[in-house]
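Here is the structure we will look at.
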Amino acid sequence: MNNGKRKQIDPLENAIEASLSPGSFISYNSAWSFVDDVQGVADDIGKIIKKEPDRAASLYETFIAACHEKADEIDDSGGNFGMLVEDLFQGWVKARQGAKHDPDETAKMLLAWMEDDPYGFCFDLDREVGKVLDKKGLEAFIHLVRSKLEPSMIKDKKKSSPSYPSRRWGGVLKTLLVSQRNVDAYIALCQQTELQTKDCLAIAKLFRTRRRSEDALSWVERGLVIAQTESRQSYNEHELLQMRRELQAKLGRSEDALNSAWSEYEAYPSTFTYNELMRYVPATGKMTWHQKAMEESEKGDLASQIELWVEEKENNRLVSRLDRATDEELEDLSHYLAAPLARKLESSHPGVSARVYRALCMRIVNAGKSKYYKAALDHIEHAGKCYTKAGLDADWWAVVADVRKRHFRKKGFMAGFEDIVSGEAKHVEPPFLDRAKARWPRQPKSR
């Protein structure tokens, strides 16, 4: 008979198990609230790191393993559960460092998780833990990753392009060197591997943090040269262009920064490039450059023009362009852009608003999206009112004739459309409870 005391389970372990609901599948629609509940337990563990780091580290290990066990029982299409696991790894690192655990052991366990990652929870683990690893921990992790990288680099010397292990561990090492802010080691590594646009950007940022603007600008220029060999413009190139202008202005080359911003605006007139341009325009030249930019924006695409002109209150320019727009151009506008635009113009320019409302309706009906017919009818009703308000009755009846001719087979839409045309009052659904009560069999009246 065993008279020994049964090991007491940590109450936070029980909380971990309860929050993860083992055996229950979590659908996509339920995942957000589920992760929110699980996060509450993670927060409770985070509160004990300072006072009980050993206990916290042990709980985090259980939690991370339990999340992997749960992974097949949740639809994590939104990625929230995966981000939670990344946070747990960060907490685990903090707890181990607080408990003065061996940094080499921490690095080995991190690497083991990265190498055996069936659910992709550790895809970006190097970047996340690099934010919380202390100096010794970062050095240990870098040393271990180097030991993984070097054998593959030796094998790659006879190949024309780097192998997957070289690309993977090289990328991890570069991320860690950025966390360490070790620009010299990063450059040395790039001399052994392929230099890419993103590497130039990372090095430039490291030099900028050291306030070495000339060196940072030199690497920005190198990155932009490499970017020219790429098939299409990337986010890295956009960021390099922005950084080049910032550095040029800091180094007293304001005119170069302004010319660069103008060139980008000419190529892509938009709200973003306009705001970037105006950052480098001298205070005394704001109005002149604004007018110049607005004239240039006439060459842009309609969606970008609308966003820019609405923000800059260029109403005359906006209305004039919409008057010239074809029905097809208006129908190509997204709902998120066109709907606020139609509402904005209802009072001041009802004729233009009518065309935008009509386009919103036709965008739905042309695509045959029957579940949105209610919204389409709402749009066309607003269109009719705006046509009438603008005195454009002939235009409204032309729209009616066109809809009848092209969409007469779409019975789900046409019934409501004809009600609107004939001016009949819209059918108003009774309240939910009234509809529910109407279903209950009525009792026969007593005699």
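The values are calculated or read from the model by the stated rules, or taken from the named source; none is laboratory data. A quick note: this is a predicted structure, and the numbers were derived from the prediction, not measured. So basically every Cβ, Gly included, is an ideal-geometry build from the backbone, and we count neighbours across all protein chains shown.
See the values below:
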{"quantity": "Residue match in region 150-167 (condition: touching a Lys or Arg at 6+ places or on another chain (Cβ under 7 Å), in contact (Cβ under 8 Å) with a residue 40 or more places away in the chain and not small (G, A, S))", "calculated": "no"}
{"quantity": "Residues within region 69-103 that are over 16 Å from F25 (Cβ atoms), more than 25 Å from the chain's Cα centre (by Cα) and either surrounded by fewer than 16 Cβ atoms within 10 Å (Cβ to Cβ) or of a type in the set (V, I, T) (or both), tallied", "calculated": "4"}
{"quantity": "Candidates R355, R343, R279, R317, filtered to the one that is buried (at least 19 other Cβ atoms within 10 Å of the Cβ) and either free of Cβ contacts under 8 Å to residues at least 60 places away in the same chain or over 25 Å from E266 (Cβ atoms) (or both)", "calculated": "R355"}
{"quantity": "Single condition T62 does not satisfy, out of (1) touching a residue at least 24 places away in the same chain (Cβ under 8 Å); (2) out of contact with any Lys or Arg (no Cβ under 9 Å at 6 or more places or on another chain); (3) assigned to a loop (DSSP other than H, G, I, E, B)", "calculated": "(3)"}
{"quantity": "Number of positions in region 156-181 that are part of a helix (DSSP H, G or I) and surrounded by fewer than 13 Cβ atoms within 10 Å (Cβ to Cβ)", "calculated": "1"}
{"quantity": "Residue in region 98-108 that is in a helix (DSSP H, G or I) and farther than 19 Å from H143 by Cα present", "calculated": "yes"}
{"quantity": "Sole exception among (1) at pLDDT 95 or above; (2) touching a Phe, Trp or Tyr at 6+ places or on another chain (Cβ under 9 Å); (3) under 24 Å from D116 (Cβ atoms) for K148, by number", "calculated": "(1)"}
{"quantity": "Pairs with Cβ under 9 Å, 6+ apart, first in region 69-88 and among the basic types (K, R), second in a loop (DSSP other than H, G, I, E, B) and surrounded by fewer than 21 Cβ atoms within 10 Å (Cβ to Cβ)", "calculated": "K70/S21; K70/P22"}
{"quantity": "Leading residue by the ranking (modelled with the lowest pLDDT) among those in region 8-32 that are under 21 Å from D44 (Cβ atoms) and surrounded by fewer than 10 Cβ atoms within 10 Å (Cβ to Cβ)", "calculated": "Q8"}
{"quantity": "A257, sole failed condition from (1) of a type in the set (G, A, S); (2) over 25 Å from the mean Cα position of the chain (by Cα); (3) surrounded by fewer than 16 Cβ atoms within 10 Å (Cβ to Cβ)", "calculated": "(3)"}
{"quantity": "Only listed residue being in a helix (DSSP H, G or I), among the acidic types (D, E) and surrounded by fewer than 14 Cβ atoms within 10 Å (Cβ to Cβ), chosen from E214, E246, E230, E239", "calculated": "E214"}
{"quantity": "Residues satisfying the stated conditions in region 390-402, i.e. part of a helix (DSSP H, G or I) and touching a residue at least 40 places away in the same chain (Cβ under 8 Å)", "calculated": "D395, W396, V399"}
{"quantity": "Matching residues in region 45-59 - criterion: being over 17 Å from N14 (Cβ atoms) and part of a helix (DSSP H, G or I)", "calculated": "G46, P53, D54, A57"}
{"quantity": "Any hit, region 273-290, residues being of a type in the set (D, E) and more than 30 Å from the chain's Cα centre (by Cα)", "calculated": "no"}
{"quantity": "Some residue of region 20-33 being small (G, A, S) and on the phi > 0 side of the Ramachandran plot", "calculated": "yes"}
